[in-house]
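Step one of this worksheet: look at the structure below.
The values are calculated or read from the model by the stated rules, or taken from the named source; none is laboratory data. Keep in mind it's a predicted model, so treat the numbers as computed, not measured. Here the Cβ positions follow ideal geometry from the backbone for every residue, glycine too, while neighbour counts run over all protein chains shown.
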Amino acid sequence: MKVRGTAGRSRGRATVRGGAVLAAVLMAGMIPGAQASAGGRDVRIDVKYGCEFPSGAEQVAVRVSATAPEAGEVDKPVQLTDVSTELTLPEAGLPDLAAVGTDQVEVETKLTVGVAQGEHTAETVWIGTTEDPVAVPDAEHPTLTSSGDVPSVTAGASGALAFTAGKLTALLTAPPSDDPSAKPSALLLTCTPEPDQDLALATVRIAGDPEWPSPEPPEAGKGKASSDSGDTDADARETTPKVGEPGSAAPQDGKAPPCVGDENNQFSLNAYVTGYADVPKLKSATLFPLACTQIEQGVTQIKFQDGLIHIIQDSTATLDYQGKPQLPPARGTFLTFGFMPTTATLEMTQIPPAAGPDGKPLPNIHSDLTVLSPGNSVGTTTIDLNLRLRLSDVKVNGVALDVGPNCRTERPFPLSLRGEMVLKDQVQSGYTLVTGGVLTGQVTVPPFSGCGVDEDLDDLFTASISGVPGAVKQIQGAPCAAAQSVPTACTEDGEPVQIPKPQR
């Protein structure tokens, strides 16, 4: 998530130390570990990929760019930043692109990256998206660029740590339409590097390597470093590089995912949250996995209304999972036709707030603390999110059901959460940002659209999930303000100390 600077902002704000009621926090995702070292160098490779278009195989030019640290340390995360993937589509692929039926597309890329240290190898997945829909130019070779944060890699021993490009998928979709009758469409490209190419993107020295640079670069296209890379004990090493979670699975085992705050932004907060959402048609509740969110605090204002003092703050929260505005994917189970067990991966994506006249996202969080008398106050915080649900990896009674890449609610839907607090005789109960607490609301899932490949499955999921309001209960832990480094709220890495547990 890009965080705005604080220059020119009012100093009359409420902070974690100040203890004022600010904004509530909802759900969100993962931010990879911190960089292993300050500074870095720009790296890039140009690779020819063979991609499967609906009309047949075509060659696509791909450029992968990143900033790599000059060096790293054993058992500390190595983080590549400013990662982007640029695809230049061939003229022969334009009819397939035109079939998406729009002059703008949203792009999501998934690049498999090999990580190697000596003979020890691992893989990770770099996910990139476009922040805004991309205009499809009237050109022979349109270029589409995606970007995003990527998982960190931790080396367990010294030596050359090599990164190489691998398989690539690109999903091009039409932006969500306000027309409920519009059918979503998409173009999915599955791509493999053409043979006999140098796929080495970057090599990072891990402290302790006696010979640097290595006599020979990593062996091209093998996804691992050459045995002559200068790491003299590579053959004897038993430590495999550890990569961050690639984003294909949700952390549902109760372990807290990374949730790193911005140490350079006094207005940035981060907190863990988890909870349940009731699905009335199923007579059950769905667990949201433990997640993280980032929030940008707004300016605190004091108003006099109805003879009372109101401390008001409007802020903005954006879900952030692997650089995308969404929750971590989660597996859900429901009953189609009331009896057939069906499992699916649920991907909840936020429609980010629109930009205001100043170009900044409009607030979606409103907090109002009313001072009744010294030591007595009441507070209310509301959060308004616009979400969309997508289903994938569906199995009915254990048998895979192909729903296609764009099985989702036919339109975005609102979720409004509310947290309340009471301060009576200086004894506080209920929800505040400083202490965390319970947030409640209701959500109604719209009908589904775009489900199915060989047959229309929209009604199947609409009948099972949509249409009846369900209660939502989220539990937020106390947040961390990494820039303030409050030891009781933040770890040394700028993550929240408090991890909440879901309550029904």
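I'd like the residue in region 62-93 that is at pLDDT below 85 and surrounded by 17 or more Cβ atoms within 10 Å (Cβ to Cβ) and, out of all such residues, is nearest to residue 144 (Cα to Cα). Reasoning before the result, please.
As a first pass, look at region 62-93 and keep what is at pLDDT below 85: 74-77, 91-93.
After this cut, where a residue has to be surrounded by 17 or more Cβ atoms within 10 Å (Cβ to Cβ) as well, the list is 76-77, 93.
Values: 76: 34, 77: 30, 93: 13 Å.
Only one residue fits best here, namely 93.
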Practice problem: Sort through 419, 404, 430 and tell me the only one that's more than 28 Å from the chain's Cα centre (by Cα), surrounded by 15 or more Cβ atoms within 10 Å (Cβ to Cβ) and at pLDDT 85 or above. | Solution: 430
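Just a yes or no: is a residue in region 472-494 of a type in the set (Asp, Glu) and either closer than 30 Å to residue 265 by Cβ or at pLDDT below 80 (or both)?
Pass one, region 472-494, residues of a type in the set (Asp, Glu): 492-493.
When the remaining residues are screened for being either closer than 30 Å to residue 265 by Cβ or at pLDDT below 80 (or both), the result is 492-493.
Among the residues of region 472-494, at least one is of a type in the set (Asp, Glu) and either closer than 30 Å to residue 265 by Cβ or at pLDDT below 80 (or both), which makes the answer yes.
Count, please, the residues in region 439-490 that happen to be of a type in the set (Val, Ile, Thr) and surrounded by fewer than 18 Cβ atoms within 10 Å (Cβ to Cβ).
Let us first name the residues in region 439-490 that are of a type in the set (Val, Ile, Thr), namely 440, 443-445, 453, 462, 465, 468, 472, 475, 486, 488.
Those still in the list that are surrounded by fewer than 18 Cβ atoms within 10 Å (Cβ to Cβ) too: 440, 444, 453, 468, 486, 488.
Summing the residues that are of a type in the set (Val, Ile, Thr) and surrounded by fewer than 18 Cβ atoms within 10 Å (Cβ to Cβ) in region 439-490 gives 6.
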Quiz item: Considering 106, 131, 123, which residue is charged (D, E, K, R) and farther than 19 Å from residue 169 by Cβ?
Solution: 131
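How many residues does region 86-128 contain that are assigned to a strand (DSSP E or B) and in contact with a helix residue (DSSP H, G or I) (Cβ under 9 Å, 6 or more places away or on another chain)? Give the steps one after another, and end with the answer.
Let us first name the residues in region 86-128 that are assigned to a strand (DSSP E or B), namely 86-88, 104-117, 120-128.
The next check asks that each one be in contact with a helix residue (DSSP H, G or I) (Cβ under 9 Å, 6 or more places away or on another chain); those that pass are 105, 117, 120.
Result for region 86-128: 3.
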Quiz prompt | strands (runs of 3 or more DSSP E) enclosed by region 281-374 - at least 3 residues per element that are closer than 26 Å to residue 407 by Cα and at pLDDT 85 or above | solution = 340-350
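Within region 344-360, work out how many residues are over 28 Å from residue 286 (Cβ atoms) and without any contact (Cβ under 8 Å) to a residue 60 or more places away in the chain.
Filtering region 344-360 down to residues over 28 Å from residue 286 (Cβ atoms) leaves 354-360.
Filter once more, keeping what is without any contact (Cβ under 8 Å) to a residue 60 or more places away in the chain: 354-359.
Here the count works out to 6.
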Exercise. Go through region 313-334 and give me each residue that's among the small types (Gly, Ala, Ser) and at negative phi.
Key: 315, 317, 330, 332
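Can you name the residue in region 155-183 that is at pLDDT below 80 and polar (S, T, N, Q) and is also surrounded by the fewest Cβ atoms within 10 Å (Cβ to Cβ) among such residues?
Initially, region 155-183 is screened for residues at pLDDT below 80, giving 156, 173-183.
With polar (S, T, N, Q) added as a condition, the list becomes 173, 177, 181.
Values: 173: 21, 177: 13, 181: 7.
Taking the candidates together, the pick is 181.
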Quiz item: Given the conditions (1) farther than 23 Å from residue 382 by Cα; (2) free of Cβ contacts under 8 Å to residues at least 60 places away in the same chain; (3) in the same structural domain as residue 294 (by TED's automatic domain parsing), and given that residue 492 satisfies all but one, which numbered condition is not satisfied?
Solution: (3)
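Please work out which residue is farthest from residue 497 (Cα to Cα), limiting yourself to region 300-329 and to residues that are of a type in the set (A, V, I, L, M, F, W, C) and either touching a strand residue (DSSP E or B) at 6+ places or on another chain (Cβ under 7 Å) or outside the structural domain of residue 371 (by TED's automatic domain parsing) (or both).
Of the residues in region 300-329, the ones of a type in the set (A, V, I, L, M, F, W, C) are 302, 304, 308-309, 311-312, 317, 319, 327.
Filter again for either touching a strand residue (DSSP E or B) at 6+ places or on another chain (Cβ under 7 Å) or outside the structural domain of residue 371 (by TED's automatic domain parsing) (or both), leaving 302, 308-309, 311-312, 317, 319, 327.
Working: 302: 31, 308: 35, 309: 33, 311: 27, 312: 27, 317: 20, 319: 20, 327: 20 Å.
Ranking the candidates gives 308 first.
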